[in-house]
Structures are given as structure tokens and as C-alpha cells.
Amino acid sequence: MTFLVRIKILGGFAAALLLMLVARLWVLQLTQWPGYARQAVGNKTAIVRHSAPRGLIFDREGRVLAENRPVYSVCVVGSDLPPKSADLEKMLPRLAGYMGVSTAALRTAITECKKRNVLEAVPLPKIGDDVPFSAMAQIEEHRLELPGIVIHDNFARYYPCGTLAGHALGYARPVTALQYEKVKDLDYPQPEQDAADPRPRLPDPVYARDSVYGQQGVEALCELDRSSDPPLPMLQGYRGRDEYEVDATGRELRVVESRSAAQGASVYLSLDARLQKVAEDALASAAGDSRTAAAVMLDVHTGEVLVLASYPSIDPNKWVHGFSSEEWASLNNDPRRPMMNKAVAGGYPPGSIFKMISSCAALETTRATTATSFTCTGAIHEGRAHQRFGCWKPQGHGTVDFLGGLAESCDVFFYELCLEDGLTSDAIADYARRFGLGESTKLGLAGEIDGVVPDQRWKLDARHEPWRLGDTLHMVIGQGDVVVSPLQMAVVTAAVANGGTLVHPHLVKKVAWPQSWGVQPTLTDAAPARKVAVKAETLEIVRRAMRQAVIGRGGTAAALARLGIPAAGKTGSAETVPGKPPHAWFCCFAPYDDPQYAVTVFVSEGGHGGTVAAPVAGKILAAAFNLNEGAFAQEAVNSD
């Protein structure tokens, strides 16, 4: 091979290498430039983010139900700690004394922080969160003697009304690891970039590992607006951010950009704190120390929830601070299950309040009319074994017509609707589903139940048994396997009151977004979910009977006769455990001639609905209409 040939081959290799270099530069400069530019910016800048206060929660009148309080955390910057172990050991007792912890616990916590990150400030695990102001002040005063120790300020949730609406509000506390994994990539919405600004955008995450996050109730419901894509932060605040230009050693050279933290959206609930307080006090009085209770009050036209009470309640501040081992054991061992929201997650047999639905089914699927009458002697006997089906009134009601049968809640009358007029279990189940039973109301709170509307197919699947006549006779009076929540029965009562509109219950009335979002306040759409497939004249008959229950002779809802405005109601006493008192129920609406509110009250093992649950509803309605609440003392009247 001649020298000239070798030169040509070498030149060809050089040319090929040059072309490869040019092509690679083309790719880097024109197609992959944004990603590398972002990395380059990240290498020469440092970003320090600041916690933002969470949005406030108000009731419908602007009363604060959830706010924030400042908290201080002791953090460690591992790279700034004394490099010599002896110097660090000299510092530990002093810092431990300021914090009120043992030196051993502090040593363990600092070691853990150094494992996680030596360049960023890491909160001392278990002992560094929410330190007292006095400890923070001492650490700040001696910070030159405590290298590597810094104080970070944050915000914790605070509920100024304590247990009031505790279940509805829920609680917010630091995000869990699992929750953080789901939201860590969510960025704040960013405005269109100025074409004159050549800098690539850096990620602007909504959440940090120590962000406060809604865990239950409205706090969780309003954590994010998931109707947008991607989800828009709602209660979560807008974290502050300082961007610094740094040198190769990480030393700050200048501030590139600074943004102050901004509070999250303000959420206004439909709840009325004043009425909620009346309801919770009345439930506590009715239930005492051994029973549970719940109350729901709805606007019959919009579905706004004005009262959502569950007893016993729990102070959401306890979730923020954390429970002692004794407190946690007490809560878990309490048979009343105070952590469960009885209004939405409690499932109970409805008893005679279910007769509102059975009446509709009878009037529209059988020959029964308002003139239909039966004689009640206190019980009937059916089947080969002559099984006894009793009425709540042992001596019987005598002869009652349709309005009287519902107003006086005569069980035998409803048995006869099945035996004599042909009311079937399929018809009862169908009408129960028309009123929304058997499915969640979709209020949005965790734990809400669907309930159970039993029928022949359900019993075969669930019990592997055929449906019998006794099942129908139990079902028609709201016993047996029917399961409802207080919220569901409030929706049923509202539908009866408003002429057949099945409202969609909701808790959020308005969301006032931060100005930085550029979003106008959002008002809740109060459109009804659907119309109930029941004739208007049928519902009018049920309403008349419920009015007679209040003012008629023998009516079981006479407690509301003293309300001061015309009201209509239906009592219920649902038997559960043999040998124990029945659950007490009461459903009502007012005013009768122009319904505005529907109320449902439940008291477990409370006895008769007319004597235990009805006075609670009376107090709530009296407060809503600014009437005399003192007229609703419990009376020893034997009623359903």
C-alpha cells in the first residue's frame, strides 16, 4: 500500500469522524437542547421552597371551621455538621437540652438524617417536628454554636371549633409515602412563557415529602379539583420559591427569582355551624354515654347539607397532634366506634320510616286507595306455624284507613297491604331503588355506604335461601334485611317533600380560588340528580299522612305539633338485637305548605322514634327558623 493511499484512507476516517461529530452536535443543539439546557440550569442554580398555608374552610355564614397555625421543625444539614465526631458529641447535649429530649434519641435522629441527604435540610425524625416556641427561640439564639442545625417554619392544621362537625371536616396531616408517590409529579399550572425569556422551565411541584395533605372528610374531598386535567390544587397552598445562582461549591451568588408562598383556595361549605352545634348537643343528650346517633338536614330543593352530625364525635386536632397509646386504645376499644361517621357510613334497618316508600309502592301497584281500611287487633298470624307478626301497639289501632295507617304507623295495616291487596316484595324493592336506596348518594366522603335493598335474587346470592312471605312482611315495615344510612333517608324525605326530585346532597357551596390562579370563584351546581318515578298525587297522599302524624289523633309525630310552624314527620323504631331497645328514627320536613328543609335523626337503641329522635329534629328545625327550642324536651309517650 503506497503512502498516498494511506493518506487518503486516513483522510476518509477523519472526514467520517468529523461528520459524526457534526451530526451529534446537530442532535444535541437542535433536538435534545431543552433537556440538556434544563439540566445545565439545574446544575448552576439551587431552589429553596417554602411551605404555604393551606386554604381555609368556612361554614355557609363565613365562620372559620379549619385554619392554620405555624409550627417549627428542627432540621439537620448534614454537610454543615461538625466534621469531627468529638465536636459533634460536644454539641449534642446542649441541643438535646434545648429540645427537651435525650442525647441518645438526638444522636439516633441525626444519624438517620445524614443517611437521607447531607446537602439539604432534613427534619429530625420523630423528635424534630412541631417543637415548642421556647425551644425554637433557644436554638435560634445559639445557632452559631450549633452548626448544621436549622429551624424551618411550616404550617399545621387547626380546627378552632374542636369536635364540631369533626366527621364532616375530616383532618389534614403530613402526606403519607403512598400518597406522595401518587402526587409527586403534579406541578402547579404555569402561565405562558415569555418568548423573550430563553431559560427553560424547571419543575414546580405542588407537593413536598412533608406537605400537609387531606386525609378524611372535606379536607380530602377538596384536596384537589379532579374535574380538571391535570388536577388543580384546591386547599393545597402555593409554595414559595427562591431560585439562586450558585458556584461549583454550591455557594449562593445571586437571587435569580423569588416567589412568595400563597394560601390555598378558601372553601365555603353548605354546613351551618350554629345548626350543627344544636344538632350535636341534642344528639349527645338523646344518646347519652352508651349509644350512638346521627342527624342530617338538607335543603329540599338544592340538596345543600346544612347539618351532618355523628355522635360520638372526635376532635380532628387529635389527628394532627397524634394520639397517645392510651387514647388510641380507648378509641379502638370503644364499642360506639367514634371514628365512624354514622351519618354516611352507618348502615341500619330503617323501621317504620321506610313506610313512606312502601306507601308509594302500594298506591301505585295495588288496588289500595286512601279509602282502603283494615282492622288492627295488635297482631296477625300467618303460615302453617301461625307465625305471629305483631304491631308496635300491642292493643291494636282498631280500624284505620290509609292516611291513618301511615300517620299512626300501624304495622298490621301494612301487613294487610301485602296479604289482602297484593303488595309484593319486588314492588317494594323497585320503589326503594327509585328513591335512591341501594346506592351511595355520592356525597364524596370516604366510607359512604350503598345500603341494601333485598329481593329474591339478593337473598339467593347472599343467604342461599328462597324468599318467603315473612321476608315480605318484614320488608314492608322496614325490618329484615333492609339497610340504609341517615343521609339516604334524608334524601328520601326531601324527595317526598319537594314533589319527587331526588336531590344530590353536597357539602361544598363555593370555592374562592387564590388570585394567582386567575380562576373565578366556583359555585356548586345545585342541579337535581333525577326525578323519582312516582306520581305527584301519590306523594301528596304521603305528605298528608305525615302531616296527620303531627297533628292527628293518634299520630306518632306529635312532638312537632309544638314547633310553631306547620311540619310533617314519620317516626320509626327498628328492632335489631333481641332483648335490646329498637333503634329510634325520625324523618320530617318543614314548613308543610312550602317545604324548605328535611331532617333525619337516628339514635341507636334509643327506643321509640317519637319520644327520642323527634325532639332532636324539633330542636334543629326550631333553630333553623329561630323558634323556641325549649319546647322539645323528651316525653315518655309510647309511639313508634
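Laboratory data are not the source of any read-out in this text; all were calculated from the coordinates shown. Just so we're clear, the structure is a prediction, and the values are computed from it rather than from any experiment. Cβ placement follows ideal geometry from the backbone for every residue including glycine, while neighbour counts extend to all protein chains displayed.
Report the extension gain between Asp481 and Glu245 in nm, rounded to one decimal, defined as 0.36 nm multiplied by the number of residues separating them, less their alpha carbon distance.
On the way: separation 236, 0.36 × 236 = 84.96 nm, distance 6.86 nm.
Contour length minus Cα-Cα distance gives 78.1 nm.
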- Message: Between Arg107 and His50, what is 0.36 nm times their sequence separation minus the Cα-Cα distance? Round to one decimal in nm.
- Response: 17.8 nm
- Per the 1/(1 + (r/R0)^6) rule, R0 = 22 Å and r from the Cβ atoms of Ser373 and Leu469, FRET efficiency to 0.05 is 0.50
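What Kirkwood radius, in Å to one decimal, follows from the Cα pairs of the stretch 49-170?
On the way: mean 1/r = 0.0622 Å⁻¹.
Here the Kirkwood hydrodynamic radius works out to 16.1 Å.
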- Query: 222 nm [θ] for the chain, helices only, -39500 (n - 2.57) per DSSP H run of 4+, per residue, to 500?
  - Reply: -10500 deg cm²/dmol
- Query: Assigning unit charges at the beta carbon (Lys, Arg +1; Asp, Glu -1) and nothing else, what dipole magnitude in debye, to the nearest 20, does the chain show about its Cα centre?
  - Reply: 1320
- Item | Relative contact order of the stretch 430-556, pairs being alpha-carbon contacts under 8 Å that are 6 or more residues apart, as % | 21
- Computed log₁₀ I(q)/I(0) - Debye formula, equal Cα scatterers, no solvent, the chain, q 0.11 Å⁻¹: -1.04
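Count neighbours as other Cβ atoms within 10 Å of each site's Cβ, and list the trypsin sites (Lys or Arg not before Pro) in the stretch 111-176 that are DSSP loop with at most 16 such neighbours.
Numbers: sites: Lys114, Lys115, Arg116, Lys126, Arg143, Arg157; in loops: Lys126.
Passing both the DSSP loop test and the Cβ count: Lys126.
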- FRET efficiency, 1/(1 + (r/R0)^6) with R0 45 Å, evaluated for Leu460 and Asp593 via beta carbons: 0.45
- Task: Would you list the P(r) distribution for the stretch 583-626, with all Cα-Cα distances sorted into 5 Å bins from 0 and each bin expressed as a whole %?
- Result: 6, 25, 30, 20, 13, 5, 1
- Among the stretch 340-356, those whose backbone N falls under 18 Å of a label point 7 Å along Cα→Cβ from Asp450 are 344-349
- Task: Treating the angle as unsigned and between 0 and 90°, give the value, to the nearest 10°, between the Cα long axis of helix 536-551 and the longest Cα principal axis of the chain.
- Result: 70
- Query: Given Val64, Cys113, Gly78, which one lies farthest toward the positive end of the charge dipole of the stretch 46-189, if we put +1 on the Cβ of every Lys and Arg and -1 on the Cβ of every Asp and Glu?
  - Reply: Cys113
- Using only Cα atoms, tell me the angle between helix 425-434 and the longest principal axis of the chain; keep it within 0 to 90° and round to the nearest 10. 50
- Item | Principal axis box of the stretch 398-539, alpha-carbon based, largest edge first, Å | 67, 37, 21
- Task: Mind jotting down a quarter of the surface of the convex hull over the alpha carbons of the stretch 243-356, in square nanometres, one decimal?
- Result: 14.1
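Quick one, what does Rg over Rh come out to for the stretch 553-602 if you take C-alpha atoms and the Kirkwood Rh?
Values: Rg = 12.9 Å, Rh = 12.0 Å.
Here the Rg-to-Rh quotient is 1.07.
Hey, what did the stretch 252-394 get for relative contact order, percent, Cα under 8 Å, at least 6 apart? All intermediate terms of the calculation are to be shown ahead of the outcome.
On the way: 106 pairs, mean separation 21.1, N = 143.
Contact order relative to length: 15 percent.
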- Query: If you plug each phi of the stretch 273-278 into the Karplus form 6.51 cos²θ - 1.76 cosθ + 1.60 with θ = phi - 60°, what whole-Hz ³J(HN,Hα) values come out, in order, with x for Gly and Pro?
  - Reply: 4, 5, 5, 4, 5, 4
- Can you spot the lysines whose alpha carbon is less than 30 Å from Lys115's alpha carbon? Ignore those fewer than 8 places along the same chain. Lys44, Lys84, Lys90, Lys126, Lys182, Lys184
- Message: At a 10 angstrom cut-off on C-beta neighbours, averaged per residue, how do the peptides 303-310, 78-85 rank from highest to lowest?
- Response: 303-310, 78-85
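Kindly rank 615-623, 163-171, 311-319 from highest to lowest mean number of other beta carbons found within 10 Å of each residue. Display every interim value, and only then the final one.
On the way: 615-623: 27.1, 163-171: 25.6, 311-319: 21.1.
By packing density, highest mean first, the sequence is 615-623, 163-171, 311-319.
From the P(r) of the stretch 344-435, could you give the percentage of C-alpha pairs in the tail past 23 Å? Please report the intermediate quantities before stating the final value.
On the way: 974 of 4186 pairs.
In whole percent, the share of Cα-Cα pairs in the stretch 344-435 beyond 23 Å is 23.
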- Find, among the trypsin sites (Lys or Arg not before Pro) in the stretch 395-452, those assigned to loop by DSSP (not H, G, I, E, B) with at most 13 other beta-carbon atoms within 10 angstrom. Lys442
- Positive-end extreme of charge dipole, the chain - chosen from Leu164, Ala567, Pro123 (charges on Cβ): Pro123
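How much length is gained if the chain between Gln387 and Lys442 is pulled fully straight, taking 0.36 nm per residue apart and subtracting their Cα-Cα distance, in nm to one decimal?
Numbers: separation 55, 0.36 × 55 = 19.80 nm, distance 4.02 nm.
Residue separation times 0.36 nm, minus the Cα-Cα distance, leaves 15.8 nm.
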- How far apart, in nm, are the 7 Å Cα→Cβ label points at Ala529 and Asp281? 3.3
- Calculate the all-directions average of the projected area of the stretch 357-404's alpha-carbon convex hull, and give it in nm². 4.1
- Message: I need to check one value: relative contact order of the chain, counting alpha carbon pairs closer than 8 Å and at least 6 residues apart, in percent.
- Response: 13
- Query: Mind checking the angle between helix 609-624 and the chain's longest principal axis? C-alpha axes, 0 to 90 degrees, to the nearest 10.
  - Reply: 60
